[in-house]
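Undergrad: Quick one: structure below, then a few questions.
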Amino acid sequence: MRIIRLSVAFICFQTGLVFALSTEEQINHFIDRVEIPRLSQIYPEATINITLNNLAALNYLSECEDDAIQISNQRPEAVKRTNYEISCDSPTWKSYIPVTQEILIPAIKTTTPINRGQVIDQSNTDIGDVDISTLRGQVFTKKNPPYGLIASRNLRINTFITDTLINQPTLVKKGDIVLITASSGTIIVRMNGVALENGVKGQQIRVKNTSSERIIYAKVVTDSEVLVNY
C-alpha cells in the first residue's frame, strides 16, 4: 500500500479554549486525536499502540507561554519508528521526540508445523495478531485465507503465512486428459487434449490436441481445462 507523505500539525483546543496541559499530555492528546485515527484508517482492523521515548528530554524545554504547542509527525509513512516535531512560538523553540509504533493486524498463522509441499487449510492454521513491521511479504487474513495453497518450505508452529511462503497447488499433471478451450472474439471451440507437463493455475503448459496431434501452449484454468486465445 502506498502512503502519501504528509505532515500533520496539531494544537490542543476545546470549545475555542486552550487546554492547560503539560507538554507530555499534549503529545498524548495528539496521539489519541490525530495519529491513532489516521493509522486506523490505513489499517482498519489493527490494534495500534504508540510509545513516546526519551521523555526526560521534555524536562529541559521552556514552558510555552501560549500553553499550546505545535506537533507534527515527521515520518507519517513509518510503521515502526518516527519522530514528532514539537515547537512553541513564545518563547520560540523546537525539539524532536522519538516515537515507537506497534501496529498489530489479525492474520493467519500456523498452529502445527507444516512441511514443504503440504496443503495449508483450517486444520493447521488459526488467527493471531502480528506486528506489520516484522513481516516480509503480504499476509493472509480471514477475508483472504491461504487455504488450498501449499507451503514452499518447512514452516514452524506460530509462523504467520505470507505470499513468500506459499506456492500454488498443481492443478494439472502430466498425462491428464484436459478440455482445450480456444477462443477468438465471440467464437469458442472446445476439443480434448492431453497435458504434456504439470501446471498450476494461470501457468502456460504444453498440451497435445488428441484429434490433430498438434502440440500447443495453453493456460491452466482448472484441474480439467486449459485456455488458448487466438
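Undergrad: Going residue by residue through the range 144-161, is there one that turns out to be out of contact with any Leu (no Cβ under 8 Å at 6 or more places or on another chain), small (Gly, Ala, Ser), more than 27 Å from Lys109 (Cα to Cα) and not assigned by TED's automatic domain parsing to the domain that holds Ile50? Steps first, please.
TA: Pass one, the range 144-161, residues out of contact with any Leu (no Cβ under 8 Å at 6 or more places or on another chain): 144-150, 154, 156-158.
From the residues that got through so far, the ones that are small (Gly, Ala, Ser) too are 148.
Then keep just the ones that are more than 27 Å from Lys109 (Cα to Cα); that gives none.
Taking every residue of the range 144-161 in turn, none turns out to be out of contact with any Leu (no Cβ under 8 Å at 6 or more places or on another chain), small (Gly, Ala, Ser), more than 27 Å from Lys109 (Cα to Cα) and not assigned by TED's automatic domain parsing to the domain that holds Ile50.
Undergrad: Here is a follow-up. Quick one: in the range 86-118, which of the residues that are more than 22 Å from the chain's Cα centre (by Cα) and touching a residue at least 60 places away in the same chain (Cβ under 8 Å) is surrounded by the most Cβ atoms within 10 Å (Cβ to Cβ)?
TA: Applying the filter and picking the extreme gives Ile86.
Undergrad: In addition: Kindly evaluate Ser72 against the criterion of being assigned to a strand (DSSP E or B) and not hydrophobic (A, V, I, L, M, F, W, C). Walk me through how you get there before you give the answer.
TA: Values: assigned to a strand (DSSP E or B): yes; not hydrophobic (A, V, I, L, M, F, W, C): yes.
For Ser72, the condition - assigned to a strand (DSSP E or B) and not hydrophobic (A, V, I, L, M, F, W, C) - is met.
Undergrad: Still on this structure, I have one more. Pick out the one residue from Glu85, Glu77 that is in the same structural domain as Arg38 (by TED's automatic domain parsing), charged (D, E, K, R) and part of a strand (DSSP E or B).
TA: On the way: Glu77 fails: part of a strand (DSSP E or B).
Unique residue meeting the criteria: Glu85.
Undergrad: Need at least 1 residues that are in contact with a strand residue (DSSP E or B) (Cβ under 6 Å, 6 or more places away or on another chain) and among the small types (Gly, Ala, Ser) per element, so show me which strands (runs of 3 or more DSSP E) inside the range 120-197 make the cut, counting only ones lying wholly within it. Give the steps one after another, and end with the answer.
TA: Values: elements: 125-131, 170-172, 177-184, 187-195.
By residue number, 125-131, 177-184, 187-195.
Undergrad: Being touching a Pro at 6+ places or on another chain (Cβ under 8 Å) and surrounded by 14 or more Cβ atoms within 10 Å (Cβ to Cβ) narrows it down to one of Val200, Val226, Val178, Val221, so name that one. Spell out the reasoning first.
TA: Numbers: Val226 fails: touching a Pro at 6+ places or on another chain (Cβ under 8 Å); Val178 fails: touching a Pro at 6+ places or on another chain (Cβ under 8 Å); Val221 fails: touching a Pro at 6+ places or on another chain (Cβ under 8 Å).
Going through Val200, Val226, Val178, Val221 in turn, the sole match is Val200.
Undergrad: Which condition does Asp32 not pass, out of (1) modelled with pLDDT of 95 or more; (2) in contact with a helix residue (DSSP H, G or I) (Cβ under 9 Å, 6 or more places away or on another chain), if it passes all the others?
TA: So Asp32 meets the others, but not (2).
Undergrad: Condition test on Gly128, is it outside the structural domain of Asn53 (by TED's automatic domain parsing), surrounded by fewer than 13 Cβ atoms within 10 Å (Cβ to Cβ) and either under 30 Å from Arg206 (Cα atoms) or not aromatic (Phe, Trp, Tyr) (or both)? First the steps, then the outcome.
TA: On the way: outside the structural domain of Asn53 (by TED's automatic domain parsing): yes; surrounded by fewer than 13 Cβ atoms within 10 Å (Cβ to Cβ): no; either under 30 Å from Arg206 (Cα atoms) or not aromatic (Phe, Trp, Tyr) (or both): yes.
Spelling it out, it is not the case that Gly128 is outside the structural domain of Asn53 (by TED's automatic domain parsing), surrounded by fewer than 13 Cβ atoms within 10 Å (Cβ to Cβ) and either under 30 Å from Arg206 (Cα atoms) or not aromatic (Phe, Trp, Tyr) (or both).
The values are calculated or read from the model by the stated rules, or taken from the named source; none is laboratory data. For clarity, every value in this text was computed on a predicted model and none was experimentally measured. Every residue, glycine among them, receives a Cβ derived from its backbone with ideal geometry; neighbour counts consider all protein chains shown.
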